[in-house]
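Below is one structure, written out as structure tokens, with a few remarks after it.
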Amino acid sequence: MSNICAYTESMDLFDDPRLTAMGLFAEVYAGLSAKTTRTFAEAGLSEVDFETLIRLARSPERRLRMSDLAAQTSMSTSGITRVVDRLEREGLVERRACPNDRRSLYAVLTDAGRKRLEQVLPQHLADIETWFTGLLTPEQLTQFLEALRTIRDVVRPNATAGVAPRHGR
């Protein structure tokens, strides 16, 4: 029997630390999302738009196959198609044919998309520093990032689809 199960048996079911961990995680995510939404809106972006653009910007050649982009964002292929359609109309992303697979398309960050990110990133990074990473010591942040990657790799194994591992990711 695991330690957590033995611990749970001797306490009130509603005080289970697993519930606390999940609840705290959800509260933190909701709070951070609320703190950053205004910055994105002022730049004319939604959270999904920003996530799509930043994933492209951090990918080799600033591009990803549409299927990999969908996997990374946990969106359906039709969902990511709608996002890319909108970003393409705004000139922030373009589609390009995949040279070695005629069935696949790449979503590619345009220069205009890069400029939009460059406009929003200074405030977004300040928001992150104020409401998230700046609240942790460097050691806590390192441990936190390691823990998040461990969990992410199990619950979203395709989260880095199409991208070679890079230091600091």
Here are the criteria: (1) within 24 Å of Gln123 (Cβ to Cβ); (2) touching a Cys at 6+ places or on another chain (Cβ under 8 Å). Tell me which single one Gly113 does not satisfy. (2)
Kindly provide the set of residues from segment 131-165 that are touching a residue at least 12 places away in the same chain (Cβ under 8 Å) and at negative phi, ordered by number. Trp131, Phe132, Arg156, Asn158, Ala159, Thr160, Ala161, Val163, Ala164
Pairs under 6 Å by beta carbon, first residue among the β-branched types (Val, Ile, Thr) in segment 79-93, partner surrounded by 13 or more Cβ atoms within 10 Å (Cβ to Cβ) and in a helix (DSSP H, G or I), six or more apart or different chains? Ile80/Leu69; Ile80/Ala70; Val83/Val48; Val83/Thr52; Val93/Val84; Val93/Leu87; Val93/Gly113
Counting only residues that are farther than 15 Å from Arg116 by Cα and touching a Phe, Trp or Tyr at 6+ places or on another chain (Cβ under 8 Å), segment 37-70 contains a total of 4
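The rows are residues; the columns are (1) at pLDDT 95 or above; (2) closer than 30 Å to Leu135 by Cβ; (3) more than 15 Å from the chain's Cα centre (by Cα); (4) in a helix (DSSP H, G or I).
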| site | (1), (2), (3), (4) |
| --- | --- |
| Ile4 | no, yes, yes, yes |
| Phe50 | yes, yes, no, yes |
| Leu53 | yes, yes, no, yes |
| Asp68 | no, no, no, yes |
| Arg82 | yes, no, yes, yes |
| Gly91 | yes, no, yes, no |
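The values are calculated or read from the model by the stated rules, or taken from the named source; none is laboratory data. These numbers were taken from a predicted model, which means no experiment stands behind them. With ideal geometry, Cβ positions are generated from the backbone for all residues, glycine too; neighbour counts draw on all protein chains shown.
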